[in-house]
1. Filter the stretch 121-149 down to the residues that are touching a residue at least 12 places away in the same chain (Cβ under 8 Å) and open to solvent by 30 Å² or more (accessible area, probe 1.4 Å) and list them by number.
2. Among the residues of the stretch 437-459, what is the count of those that are farther than 22 Å from Ser407 by Cα and either surrounded by 10 or more Cβ atoms within 10 Å (Cβ to Cβ) or at pLDDT 90 or above (or both)?
3. Working only within the stretch 410-430, note down all residues that are over 16 Å from Thr354 (Cα atoms) and either among the β-branched types (Val, Ile, Thr) or touching a Ser or Thr at 6+ places or on another chain (Cβ under 9 Å) (or both).
4. Among the strands (runs of 3 or more DSSP E) confined wholly to the stretch 114-212, which include 1 or more residues that are charged (D, E, K, R)?
5. Filter the stretch 56-76 for residues that are surrounded by 18 or more Cβ atoms within 10 Å (Cβ to Cβ) and within 16 Å of ligand 2 (Cβ to nearest atom); which is nearest to Ser19 (Cα to Cα)?
6. So if I check each of Val49, Val37, Val100, Val53, which one is over 18 Å from Ala183 (Cβ atoms) and touching a Pro at 6+ places or on another chain (Cβ under 9 Å)?
7. Suppose we filter Val378, Val308, Val342, Val367 for residues that are under 25 Å from the mean Cα position of the chain (by Cα) and at negative phi; which single one remains?
8. Working only within the stretch 406-422, note down all residues that are open to solvent by 50 Å² or more (accessible area, probe 1.4 Å) and in contact (Cβ under 8 Å) with a residue 24 or more places away in the chain.
Amino acid sequence: MSTRNTIILAAGKGTRMKSKLYKVLHKVCGKAMVDHVLTQVEKTNMDKVVTIVGYGADDVKATLGDRTQYALQAKQLGTGDAVLQAEPILKDEEGTTLIVSGDTPLFQAQTFEDLFAYHEAKHAAATILTSVAPDPTGYGRIVRNNIGIVEKIVEQKDANSEEQEIHEINTGVYVFDNKKLFAALHKTSNDNAQGEYYLTDVVEILKHDGDIVAAYKMADFDESMGVNDRVALANATKIMRDRINEQHMRDGVTLIDPATTYIDAGVKIGADTIIEPGVQLKGNTVIGDDCYIGSHSELRNTTLADHVTVTSSLLEDSDMASGSNIGPNSHLRPESHIGPKVHLGNFVEVKKATIGEGTKVGHLTYVGNAKLGKNINVGCGVVFVNYDGKNKHETVVGDDAFIGSNSNLVAPLDVADHSFIAAGSTITDAVNQYDMAIARERQTNKPNYYQKLPYRGED
Ligand code: UD1
Ligand code: CA
C-alpha cells in the first residue's frame, strides 16, 4: 500500500538567531515556528510524521508533544544527515515523503497538496518546491539547463557568481519517492563549502541514476520564507499577522486598524466584536460575540463571553462572563473569574478572585484572594488585605453587601450577605448578616481652632 509521510527538520541550533532559544522554537504570532509547520502538515492527512530533533530536543518534544514521532540527530552534520535519521522509522514505506524545515513557518497545507499533485502528475522521483525571491541571498539556487529542466540545487556558499544571480530558490520543501530518497541519501558526501551532508545533493544523485526530478514553482514567495535570523523572524511575523487579521475580518470581526492589531495564532474571536488600535490578544485567548476591546488592551490566555467591554486594560489567565466590563487602566491577574454584568471600573486590580453577578467595583481597588457574591457594591479605594508577609488569606463577601469607600478588609475574613461596612473602616473580624460594621475613630470637631493654626487662609 502506498503511504504519505512527512519529515520535519528541526535539529539545527540556529546560530544566526544569536539566541539561547533553539531556532525552531522562536515564536511567530505566539506559536513556535516548528508548531506552525506541524499544524499545516496535520491538515494534510499523513500516515507518519517524523520530526528530526537535536539541539534542544527535549524542548522541541515538549512543544509538539505526541502529535509526531521523533528521530534524534545527535550531531548536526547537515540536512541530508538529518533526513537519514528518519530511515529506521520510514524505510519500509512504499510511497511519498514530504520534507519540510521547521524554520519555514508560513507554509500552508494547500501548497503541500499542490506539490503532491504536481509530483504525481510528473511521475517524478523527487519534486522540489521552488519560488522566486526578490532577494535570494542565503537560499539554495535552482539551476536549470537551457531547456528549463532542473539540474541541481546550489547552496549560497557554494554558488559561483553566475549562480548567485539566480532568483529561483529552493524553499526547503520537497516530495520524494520514499525508497529512492533514502537510497540516494547514502550516496551524498560532505565535500562542499560547509562540510555538511546536503539534502539538496540528492537532486543530482537521482538525476544521475536516470530518475525524474521535477520542480514546482509556487507563486507566493512570502509563504516560502525561511527564518534564519531575527530580521526574517520579524518579516515572517508581519506576514503571519496580516494573514491572521484578515481571517478574523472575513469572519465578522471589526479591526479598526489592522496594522496595529496583534493577534496570536490560536486566538478565537466572535462576530461583531470591535477591536480598537494597539490591542494585543495572546495565547489561548477566546473572545465572544459583540465584545468591545478598547485601545491598548492586552489579553493573555483570557476568555470573554459575549457582550463584554474591555477598556485599556491588561487581562491575564482569567475569564469574564456575559455583559461584564472593565477599565480603563485595570488589571486582571491570573485566576480571576468575573461574573455576568459585573462592573470593574478604573484602576482596579483583581487577583485570584471570583466576583458574582451584578457586583460593582468602580474605582481604585485591590481585590486579591477573594470570593465576592452577587450585587455587592465595593466603594472607592477598598483594599482586600490578603497578605500577612508570609501567607495569603481569603476574604469572602456575601450577596448584596455594601463595602464603604477606603475600607480595608483584613483576611482571613467573612463578610455576610446583606451587611454594611462604613467608609474608612479597617475590618479584622467577621461581619454578620444585617450588621453595620464601623471601625474608625469618631470625628472630633474643635471649635475655632482654625484661628490658632500657624497657617491661615485669607479671611
Ligand atoms: C536550507 C537548504 C536551502 C534552502 C533553505 C530554505 C540545504 C543544504 N539547504 O538552507 O537550499 O534554500 O533551506 O529555507 O538543505 N537541520 C537539521 N540538522 C542539520 C542541519 C539543519 O535538522 O544538521 C534543520 C534546521 O533545524 C532547519 C532546517 O534543517 O530547520 C534547515 O537548515 P538550515 O541550516 O536553516 O538550512 P538553510 O541554510 O536555510
Ligand atoms: Ca533555514
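1. Within the stretch 121-149, Lys122, His123, Val132, Pro134, Thr137, Gly138, Tyr139, Arg144 qualify.
2. 6
3. Listed by number, the residues that qualify are Val410, Ile421, Ala422, Ala423, Gly424, Ser425, Thr426, Ile427, Thr428.
4. Hits in the stretch 114-212: 141-144, 150-154, 168-177.
5. Here the answer is Gly56.
6. The conditions single out Val37.
7. After ruling out the rest, the residue left standing is Val308.
8. Asn406, Asp417 - these are the residues of the stretch 406-422 that are open to solvent by 50 Å² or more (accessible area, probe 1.4 Å) and in contact (Cβ under 8 Å) with a residue 24 or more places away in the chain.
The values are calculated or read from the model by the stated rules, or taken from the named source; none is laboratory data. Keep in mind that this is a model prediction, so the values were computed, not measured. Neighbour counts are summed over all protein chains in view; Cβ atoms, including those assigned to glycine, are modelled from backbone coordinates with ideal geometry. Ligands, DNA and RNA are excluded from the accessible area calculation, which covers all protein heavy atoms including side chains. Shrake-Rupley method; radii C 1.70, N 1.55, O 1.52, S 1.80 Å.
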